[in-house]
Amino acid sequence: MIDLIKLPTHHGEIHVLQGGTGKDVVFLHGASGLEADNPFLVKLAQKYRVTAPLLPGFGESAECASIRDMQDVTLHTLDVLEALGLKKPILAGHSMGGMIAAEMAAVAPNEVDKLVLIASAGLWIEAYPAPDIFSLLPKEFPPLMFHDAEFGQKVMTADININDPAFLIPFLVNNSRTMGMAGKFLFPIPERGLKDRIHRIKARTILVWGDSDRIYPAPYAHAFKDAIPGAELVIVAEAGHMVPIEKPNPVIAAIGRLG
């Protein structure tokens, strides 16, 4: 069972999803947000005590206008871990969440000793420019995000009813909030200088990448591997950018390599 915690922070109240027992894993979500019934989160909580802060502007977390840039959100998330009494958990992040996790490990290298970056944003390769997710039409997301576009379409539209105003209006408002916050870190390109700090990471690092990732393809995985001393790379077959949803078991197994 995943519980919800309301946590006051310097920037405003945020919500935190927490459940399971065992070793602590902190999971930072990507730009699509996170729900308590997320199948990856639920499965991860069967093996670990999982803590997943909802980033400001996501879900019911306050928008926190005082969070303006990557430094702000990095320090904010470190503060969240401290407030929750989490000392040196396994820190895992997917996509935008991976970008924040990597920044945390670079800014506070003595506080993060186990790091899992899953299809992480944060670096930029001119020869392989990532798609501008802020300009995409809804129908363009499934083939970009998933190895199996048909499966992706079902996942991304499962709870959407565009013909119901009672659903559509709050959905559009929430989407505007989340994209506004995500844009601070991902627009116009998902790079905020991590390349100049990544050498400071001391954590034992596992990189997890889907072999069909069309957002951050294989060269990004190898760029992270080359930049982080001792990093291990796990390639997951028949998985795209949303590898935690498409192939949760190999992702959880990769996390398990850290203990």
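The values are calculated or read from the model by the stated rules, or taken from the named source; none is laboratory data. What you are looking at is a predicted structure, and each value in this text was computed from that prediction instead of being measured. Backbone-built Cβ (ideal geometry, glycine too); neighbour counts: all protein chains shown.
For the stretch 224-251, what are the residues that are outside any loop (DSSP other than H, G, I, E, B) and surrounded by 20 or more Cβ atoms within 10 Å (Cβ to Cβ)?
Answer for the stretch 224-251, where residues must be outside any loop (DSSP other than H, G, I, E, B) and surrounded by 20 or more Cβ atoms within 10 Å (Cβ to Cβ): F224, V236, V243, P244, I245, E246, V251.
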Spot the failing condition for L17; the list is (1) over 17 Å from V251 (Cα atoms); (2) in contact with a strand residue (DSSP E or B) (Cβ under 7 Å, 6 or more places away or on another chain); (3) in a loop (DSSP other than H, G, I, E, B); (4) not hydroxyl-bearing (S, T, Y), and only one is missed. (3)
Can you name every residue in the stretch 102-122 that is more than 15 Å from A182 (Cα to Cα) and either surrounded by fewer than 24 Cβ atoms within 10 Å (Cβ to Cβ) or touching a Gly at 6+ places or on another chain (Cβ under 6 Å) (or both)? A102, A106, V107, A108, P109, N110, E111, D113, K114, L117, I118
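So that you can scan it fast, the table gives a plain yes or no per residue for (1) modelled with pLDDT of 90 or more; (2) of a type outside the set (F, W, Y); (3) within 30 Å of A223 (Cα to Cα); (4) assigned to a helix (DSSP H, G or I):
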residue: P142; (1), (2), (3), (4): yes, yes, yes, yes
residue: I162; (1), (2), (3), (4): no, yes, no, no
residue: P170; (1), (2), (3), (4): no, yes, no, yes
residue: N174; (1), (2), (3), (4): no, yes, no, yes
Consider the stretch 177-197. How many of its residues are more than 21 Å from L34 (Cβ to Cβ), in a loop (DSSP other than H, G, I, E, B) and of a type outside the set (V, I, T)? 5
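Kindly check whether there is at least one residue in the stretch 89-97 that is in contact with a Lys or Arg (Cβ under 6 Å, 6 or more places away or on another chain) and surrounded by fewer than 17 Cβ atoms within 10 Å (Cβ to Cβ).
Scanning the stretch 89-97, I find no residue that is in contact with a Lys or Arg (Cβ under 6 Å, 6 or more places away or on another chain) and surrounded by fewer than 17 Cβ atoms within 10 Å (Cβ to Cβ), so the answer is no.
Can you tell me which residue among G12, G57, G22, G85 is touching a Lys or Arg at 6+ places or on another chain (Cβ under 9 Å) and either surrounded by fewer than 20 Cβ atoms within 10 Å (Cβ to Cβ) or farther than 27 Å from E191 by Cα (or both)?
Result of the check over G12, G57, G22, G85: G22.
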Starting from the stretch 195-216, keep only residues that are of a type in the set (S, T, Y) and modelled with pLDDT of 95 or more, then list their pairs with residues that are assigned to a strand (DSSP E or B) and surrounded by fewer than 19 Cβ atoms within 10 Å (Cβ to Cβ) whose Cβ atoms are within a distance under 9 Å, requiring at least 6 positions of separation or different chains. T205/E232
